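Q: Submitted below is the structure of interest, expressed as structure tokens.
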Amino acid sequence: MIHVSATPVLALRGVSKRFGAVQALTDVDLEIHAGEVVALVGDNGAGKSTLVKTISGVHPIDEGGIEWEGRPVRIGRPQDAQHLGVATVYQDLALCDNLDVVANLFLGNELRQVQVLDEIGMEKRAKELLHTLSIRIPSVRIPVASLSGGQRQVVAIARALIGDPKVVILDEPTAALGVEQTAQVLDLVERLRERGHGVILISHNMEDVRAVADRVAVLRLGRNNGVFSVRDTSHEEIIAAITGATDNAVTRRKARTLTKEDAR
Amino acid sequence: MSDLAKNSAQPQETATAVKDPADPAAGGSAAPIPAVDPRLLVREQGLKGYGTEFVRKIRGGELGSLPVVVGLIVIAIIFQAKNDSFLSASSLANIAVFTSGLGIMAVGIVFVLLLGEIDLSVGSVAGLGAAIWAVLSVNHGWSDWTAVLFAVVCGLVIGALHGVFFAKVGVPAFVVTLAGFLGWSGLQIWLMGSEGSINTPEGSIVENLTSHYFADKAVGYGVALVAVLAYAASLLWETRRRRAADLPSRPISEIVLRTAVVAVISFVVAYELNEPEGARGLPLALVLFLAVLVIADFVARRTTFGRKVFAVGGNAEAARRAGINVDLIRIAVFGISGMLAAFGGLFIASTAGGATKNLGSGNTLMLVIAAAVIGGTSLFGGRGKVWSALLGMLVLQSIQQGLNLLGMASEIQYMITGAVLLAAVVIDSVSRRTQKTAGRA
């Protein structure tokens, strides 16, 4: 069972964001608690990526407020978000193919004595981190180039955890993965929750969302269109919220099949 | 925590990887260091292990320094067969001295190539550095040290300027340094004025750079001994720390083997420079070149700066997102290249007997870039070693020395050098393709 703390780690209150003549986000609210996976879903152009970028500091918000552990904060630059404890795993993984796993995990955060790398310390911590996440990689000293797509994805996620963040944002982590690798990444998301991280998961894949998320926040045309508890909500209700209507292809089909069954 | 203690209390053989998979249940699910993945090909113990790993690496396209070492041996055999003075003491000392200046410039190029860029200006910057030193020290009566230092700092500033245009303004490095190639060589000719050459004064630092030899045999052997001991000590220290941290470490047999190879090479070189008829001892130029190599290798592999250079060369966008100041790294690398170019230029002036209008022009640039590439540094960025500057330059200078001994004309030398460069780039491209299919690139 999930234990949800009283104060959300991260809360967005009435956030708005404009790009020129386009109102990308209007009055959006979102709360992330520690040890909770919140899926952020919506059609293309619903504002998911923009919302994530406001949290990770790529685009500062125009109106509204962001609260971190109950106190208002301002996130104006990516560094601000990093300092608060927000780690983002981007869709294109941003790993250096020529460097080994250890070097990639610590890139930009190297353990060092003065300017000299502490390779042994890094290797030890990398092994411990990968082990606590149950990530199986042949060796931490092989170049990332020799890893499979799924292994790279888990390395990218593990890398976000080096600074021990409180909130981890995953942007479409399973989009390019096979069945087995997708399952691995979903396992990893669950382990993040067990370790008490707040996770924001962006995904188009409703199966993945239903598999790991605790709550689903739906965005539609830049506005909140409901926050649902996954366990008490049917697939159709979420689809309806995403598409913005109870009358859509899915519900019509459902109604049709039901009528047929009744007729029998 | 108790598991940690338990693991470290186990016999140390468990750290040597191979035995772990057979022992899966050892630590249960909470062992701090997981067992080695069964998919990983681990080197077997003993000499056979080295053999199989070697074959696996070659098949995967990881040629490393192998083509160069084979090339050097072939070159030595061919020229020695044609003219038995090729491996004589004076010939080898000649190779060592002429390798140094261009080799130091090649170290700078290795850094630029690691970024995946190119610096075409090194020849001109070398010439300009020599000209600045000569004009200041001879014509303006600056003290020797100040003039040398100023010339090297000028190289640094010039390189950093190229870096600023490349990183901040966004002009391709190829074009920036091509402009530098023309511009700085113009400044060099202007500085040298009407007479066109300034001879190195007797007993000046620059003259000593390549003409000073440590006649005392103890120096040669001493340097060799220090190098071998330092190498062995660094390996042992690393192994001890890795064992203490419970990480897989090199077996003692490997340390002994590596140390033995380094010892044989060091002492054979020291012997050749000291003992045979006509030997003059250890050249100062070689000592300086080796010092530059050791420092540069340390910077590239062991410091945060070096790690960032590799990261930017591998994936600049990833490096930027990781919080690395990509522009600063690029500027610094071009600065290093300019600085080492000017320093190398002083060596060339020293062997040529003075600074001239056309010092550093001609094939200097090509030789330097060729040396880095022949030595095994990839033109595509992110892969390479500082030592490739030494290996590549040895190949080129050996060919040049051999052809000189055979009395071959310079046009033939150009053609052969060109062919060697092409062969090296072909090897680089092909091995990179093999690495891709073998999943190593």
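The values are calculated or read from the model by the stated rules, or taken from the named source; none is laboratory data. This one's a predicted model, so the numbers in the text were calculated from it and none came from an experiment. Virtual Cβ from ideal backbone geometry, glycine too; neighbours counted across all protein chains shown. Just so you know, the surface numbers come from the protein's heavy atoms only, side chains and all, with ligands and any DNA or RNA stripped out. Shrake-Rupley method; radii C 1.70, N 1.55, O 1.52, S 1.80 Å.
Q: Need pairs with beta-carbon distance below 6 Å; first residue free of Cβ contacts under 8 Å to residues at least 60 places away in the same chain and within the range A:192-218, second of a type outside the set (Val, Ile, Thr); sequence gap 6+ or separate chains.
A: The qualifying pairs are A:ALA211/A:LEU186.
Q: Can you name the helices (runs of 4 or more DSSP H) wholly within the range A:46-152 that have at least 1 residues being modelled with pLDDT under 90?
A: Values: elements: A:48-56, A:78-84, A:101-105, A:119-132.
Here the list reads A:48-56, A:78-84, A:119-132.
Q: Tell me which residues, restricted to the range A:116-148, are open to solvent by 30 Å² or more (accessible area, probe 1.4 Å), of a type outside the set (Ser, Thr, Tyr), within 8 Å of chain B (Cβ to nearest Cβ) and more than 22 Å from the chain's Cα centre (by Cα).
A: Answer for the range A:116-148, where residues must be open to solvent by 30 Å² or more (accessible area, probe 1.4 Å), of a type outside the set (Ser, Thr, Tyr), within 8 Å of chain B (Cβ to nearest Cβ) and more than 22 Å from the chain's Cα centre (by Cα): A:VAL116, A:LYS124, A:LYS127, A:GLU128.
Q: Step by step: first the residues of the range A:114-144, then only those that are of a type in the set (A, V, I, L, M) and touching a residue at least 40 places away in the same chain (Cβ under 8 Å), then the one that is nearest to B:SER249 (Cα to Cα). Which residue is that?
A: First, pick out the residues of the range A:114-144 that are of a type in the set (A, V, I, L, M): A:114, A:116-117, A:120, A:122, A:126, A:129-130, A:133, A:135, A:137, A:140, A:142, A:144.
Narrowing the set further to residues that are touching a residue at least 40 places away in the same chain (Cβ under 8 Å) leaves A:133, A:135, A:140, A:142, A:144.
Working: A:LEU133: 24, A:ILE135: 22, A:VAL140: 13, A:ILE142: 15, A:VAL144: 21 Å.
Only one residue tops the list, namely A:VAL140.
Q: Filter the range A:89-115 down to residues that are more than 9 Å from every other protein chain (Cβ to nearest Cβ) and of a type outside the set (A, V, I, L, M, F, W, C) and give me whichever is nearest to B:GLY313 (Cα to Cα).
A: Among them, the one singled out is A:ASP100.
Q: Quick check on this structure: which one of B:VAL312, B:VAL292 is surrounded by 17 or more Cβ atoms within 10 Å (Cβ to Cβ) and within 13 Å of chain A (Cβ to nearest Cβ)? Break it down stepwise before answering.
A: On the way: B:VAL292 fails: within 13 Å of chain A (Cβ to nearest Cβ).
B:VAL312 is the lone residue from the list that is surrounded by 17 or more Cβ atoms within 10 Å (Cβ to Cβ) and within 13 Å of chain A (Cβ to nearest Cβ).
Q: Can you tell me which of (1) among the polar types (S, T, N, Q); (2) open to solvent by 30 Å² or more (accessible area, probe 1.4 Å); (3) in contact (Cβ under 8 Å) with a residue 60 or more places away in the chain is the one B:THR417 doesn't meet?
A: Among (1) among the polar types (S, T, N, Q); (2) open to solvent by 30 Å² or more (accessible area, probe 1.4 Å); (3) in contact (Cβ under 8 Å) with a residue 60 or more places away in the chain, the lone unmet condition for B:THR417 is (3).
Q: Hey, another quick one. Say whether the condition of being aromatic (Phe, Trp, Tyr), assigned by TED's automatic domain parsing to the domain that holds B:LEU114 and touching a Ser or Thr at 6+ places or on another chain (Cβ under 9 Å) is met by at least one residue in the range B:411-422.
A: Let us first name the residues in the range B:411-422 that are aromatic (Phe, Trp, Tyr), namely B:414.
Adding the requirement that they be assigned by TED's automatic domain parsing to the domain that holds B:LEU114 leaves B:414.
Those still in the list that are touching a Ser or Thr at 6+ places or on another chain (Cβ under 9 Å) too: none.
No: zero hits.
Q: Would you pick out the residues in the range B:361-378 that are open to solvent by 30 Å² or more (accessible area, probe 1.4 Å) and assigned to a loop (DSSP other than H, G, I, E, B)?
A: Scanning the range B:361-378 gives B:SER361, B:GLY362, B:ASN363, B:GLY376.
Q: Which residue is farthest from B:TYR221 (Cα to Cα), if the candidates are limited to the range B:245-286 and must be without any contact (Cβ under 8 Å) to a residue 24 or more places away in the chain and within 14 Å of another protein chain (Cβ to nearest Cβ)?
A: B:ALA245
Q: Quick check on the range B:379-397. Is at least one of its residues assigned by TED's automatic domain parsing to the domain that holds B:GLY306, surrounded by fewer than 17 Cβ atoms within 10 Å (Cβ to Cβ) and in a loop (DSSP other than H, G, I, E, B)? Write out each step before concluding.
A: Pass one, the range B:379-397, residues assigned by TED's automatic domain parsing to the domain that holds B:GLY306: B:379-397.
This time we only want the ones that are surrounded by fewer than 17 Cβ atoms within 10 Å (Cβ to Cβ), so: B:380.
Applying the additional criterion that residues be in a loop (DSSP other than H, G, I, E, B) yields B:380.
So far as the range B:379-397 goes, yes, one or more of its residues are assigned by TED's automatic domain parsing to the domain that holds B:GLY306, surrounded by fewer than 17 Cβ atoms within 10 Å (Cβ to Cβ) and in a loop (DSSP other than H, G, I, E, B).
Q: Next up: Suppose we filter the range A:116-140 for residues that are basic (Lys, Arg) and closer than 18 Å to A:VAL189 by Cα; how many remain?
A: Filtering the range A:116-140 for residues basic (Lys, Arg) gives A:124-125, A:127, A:136.
Subset that is closer than 18 Å to A:VAL189 by Cα: A:136.
Counting residues in the range A:116-140 that are basic (Lys, Arg) and closer than 18 Å to A:VAL189 by Cα gives 1.
Q: Quick check: anything in the range B:69-85 open to solvent by less than 10 Å² (accessible area, probe 1.4 Å) and touching a residue at least 12 places away in the same chain (Cβ under 8 Å)?
A: So in the range B:69-85, the residues open to solvent by less than 10 Å² (accessible area, probe 1.4 Å) come out as none.
No, the range B:69-85 contains no residue that is open to solvent by less than 10 Å² (accessible area, probe 1.4 Å) and touching a residue at least 12 places away in the same chain (Cβ under 8 Å).
Q: Restricting attention to the range B:399-407, does a residue exist that is more than 27 Å from B:GLY338 (Cα to Cα) and not in a helix (DSSP H, G or I)?
A: yes
Q: State which residue is surrounded by the most Cβ atoms within 10 Å (Cβ to Cβ) when the search covers only the range B:253-289 and only residues that are among the hydroxyl-bearing types (Ser, Thr, Tyr) and under 22 Å from the mean Cα position of the chain (by Cα). Can you show your working first?
A: Let us first name the residues in the range B:253-289 that are among the hydroxyl-bearing types (Ser, Thr, Tyr), namely B:253, B:259, B:266, B:271.
Now drop any that are not under 22 Å from the mean Cα position of the chain (by Cα), which leaves B:259, B:266.
On the way: B:THR259: 17, B:SER266: 19.
My answer is B:SER266.
Residue-by-condition table, conditions (1) touching a Ser or Thr at 6+ places or on another chain (Cβ under 9 Å); (2) not aromatic (Phe, Trp, Tyr):
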{"site": "B:ALA76", "(1), (2)": "yes, yes"}
{"site": "B:PHE86", "(1), (2)": "yes, no"}
{"site": "B:ALA89", "(1), (2)": "no, yes"}
{"site": "B:GLY101", "(1), (2)": "yes, yes"}
{"site": "B:VAL112", "(1), (2)": "yes, yes"}
{"site": "B:LEU115", "(1), (2)": "no, yes"}
{"site": "B:ALA131", "(1), (2)": "yes, yes"}
{"site": "B:SER137", "(1), (2)": "yes, yes"}
{"site": "B:HIS140", "(1), (2)": "no, yes"}
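Q: Does the range B:115-142 hold any residues that are part of a loop (DSSP other than H, G, I, E, B) and closer than 30 Å to A:ASN98 by Cα, and which are they? Walk me through how you get there before you give the answer.
A: Filtering the range B:115-142 down to residues part of a loop (DSSP other than H, G, I, E, B) leaves B:115-121, B:140-142.
Hits for the range B:115-142 are B:LEU115, B:GLY116, B:GLU117, B:ILE118, B:ASP119, B:LEU120, B:SER121.
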